[in-house]
Amino acid sequence: MADTTNRYWTLADGPVPPWPEDDTFEMREAPIPTPGEGQALTRTIYVSLDPYQWGYKRRRVEPAGAPCHARTVAQVLESRIPGLAPGDFVFNTNGWAEYGLMGEGVPRPGYMVPRKLDPSQGRISHAVGVLGMLGLTAYAGMILQCDPKPGETAVVSAASGGVGQIAGQLARLRGVRVVGVAGRDEKCRFVVDELGFDACVSHLSPTFAEDLAAACPQGVDVYFENVGGAVFDAVLPLFRPGARMTICGLIAHYGDTGGDARAAEAARAEARGVAVSDLFVGDYVESHHDAFLADMAPWVAERKVRYLEDIRAGLETIPATFAEMLRGGNFGKMLVRVSEDPTLATA
Ligand code: NDP
């Protein structure tokens with residue numbers, strides 16, 4: 001008999017701790033929803049786990065009992081949307097759930113517009129990564145905001161992560177000296193050996209600040225900020241006149257219980273004459289997504305831009321995998337595959 005149950009994770013009742021704990025999330029079951037007019041029922045294949053989702057939890061953005069929000073790649077099972085047929089692959093927002101509806105009246109952040117995917121354009125999992133909002137984030141922050149010039153030095157934090165790996169490679173394509181900051185040694189090696197950054201230093205090293213200064217002998221012209229905290233403290237004295245910085249994310253501060261880390265960091269950089277841009281990818285989706293994809297898809301296909309994913313398996317693993325990603329346990333863009341990816345099936 002066909003499965004009629006939709007399993008999903010929701011935020012448990014009670015106070016939300018600074019960082020996720022074992023009982024922060026709760027698995028629930030509900031009947032698989034039926035699509036109404038203008039809607040489609042989809043089965044989730046990949047769930048994207050991203051640091052910003054923790055902000056949603058801490059601010060309790062989602063209605064109580066609702067599936068935790070996430071961008072997903074899914075396959076259409078039933079469709080009442082013209083132009084969308086069973087079997088089609090889509091980018092949508094099913095969240096931490098096995099099934100979900102898309103289309104008219106289905107709640108989603110306004111800028112996360114569901115779309116049909118073309119599997120010939122790239123791997124479908126890339127739609128929540130390098131060929132989707134993560135790639136656009138890197139492009140908007142590095143190219144549109146910081147506009148690095150040949151010969152300049154750019155530093156990228158969380159350099160082996162989803163956004164960081166792309167941001168650094170985009171700068172590299174512009175002829176910029178690119179220095180990554182990452183955690184474990186194997187991440188640093190990957191950033192240099194596989195992604196082609198000029199250097200990468202570990203923020204876990206006791207000599208991190210000196211290592212970073214040594215890797216940037218001319219100083220820093222561009223800083224792509226994903227982290228904050230001690231990494232920013234080490235970059236700050238290295239900024240050169242005319243330096244630009246984009247604040248993409250401040251993951252070291254996502255457990256803070258007060259204060260405005262973004263404003264504080266921007267003020268410290270501006271006091272040294274740095275031009276600071278705040279980045280929100282939603283501001284660029286309508287204006288730049290299609291042009292960005294037309295450039296990025298061939299770059300990835302030709303391996304001018306390389307892209308590492310860290311794909312785990314099983315809906316039940318999501319909370320632990322999410323907590324691990326927030327602690328730096330991911331190596332590449334973190335995803336969880338919750339059902340078979342038919343595009344990878346071998347004959
Ligand atoms: P990543 O894949 O980069 O994963 C997070 C990484 O952050 C970890 O792997 C870890 O890498 C690093 N990290 C975690 N804690 C610390 C710490 N205390 N100090 C230093 N490094 C730490 O995630 P994403 O690529 O998805 O996101 C990167 C950033 O981009 C996040 O801040 C996110 O919020 C932001 N973002 C912003 C968007 C926007 O519109 N502005 C859109 C999308 C993402 P390591 O082991 O190397 O330390």
Carbon plus sulfur fraction of accessible area for the range 233-274, probe 1.4 Å, in percent: 53 percent
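Given a cut-off of under 8 Å on Cα pairs at least six residues apart, what relative contact order in percent is computed for the chain? It would help to have the intermediate numbers written out before the result.
On the way: 713 pairs, mean separation 58.6, N = 347.
About 17 percent, as a whole number.
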Rounded accessible area per residue of the chain, 1.4 Å, Å²: 43 Å²
Rounded accessible area of Arg58 (nearest 10 Å², 1.4 Å probe): 70 Å²
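Pairs of lysine in the chain with Cα under 20 Å and at least 8 positions apart or on different chains: total? Show your work: numbers first, answer last.
Numbers: Lys149/Lys304; Lys187/Lys304; Lys187/Lys333; Lys304/Lys333.
Lysine pairs meeting both conditions in the chain amount to 4.
So what is the 222 nm mean residue ellipticity for the chain from helices alone, if each DSSP H run of at least 4 adds -39500 (n - 2.57) and you divide by all residues, rounding to the nearest 500 deg cm²/dmol? Show your work: numbers first, answer last.
Details: 9 runs with 89 residues, N = 347.
When only DSSP H runs of four or more count, the value is -7500 deg cm²/dmol.
Within the chain, what is the longest stretch that has no chymotrypsin sites (Phe, Trp or Tyr not before Pro) placed in a DSSP loop and near at most 16 other beta-carbon atoms within 10 Å?
Details: sites that count: Tyr111, Phe280.
The longest uninterrupted stretch comes out as 112-279.
The values are calculated or read from the model by the stated rules, or taken from the named source; none is laboratory data. A quick note: this is a predicted structure, and the numbers were derived from the prediction, not measured. All Cβ positions, glycine included, derive from the backbone under ideal geometry; neighbour counts span all protein chains shown. Remember, those area values only see protein heavy atoms, side chains included, never the ligands or the DNA or RNA. Shrake-Rupley method; radii C 1.70, N 1.55, O 1.52, S 1.80 Å.
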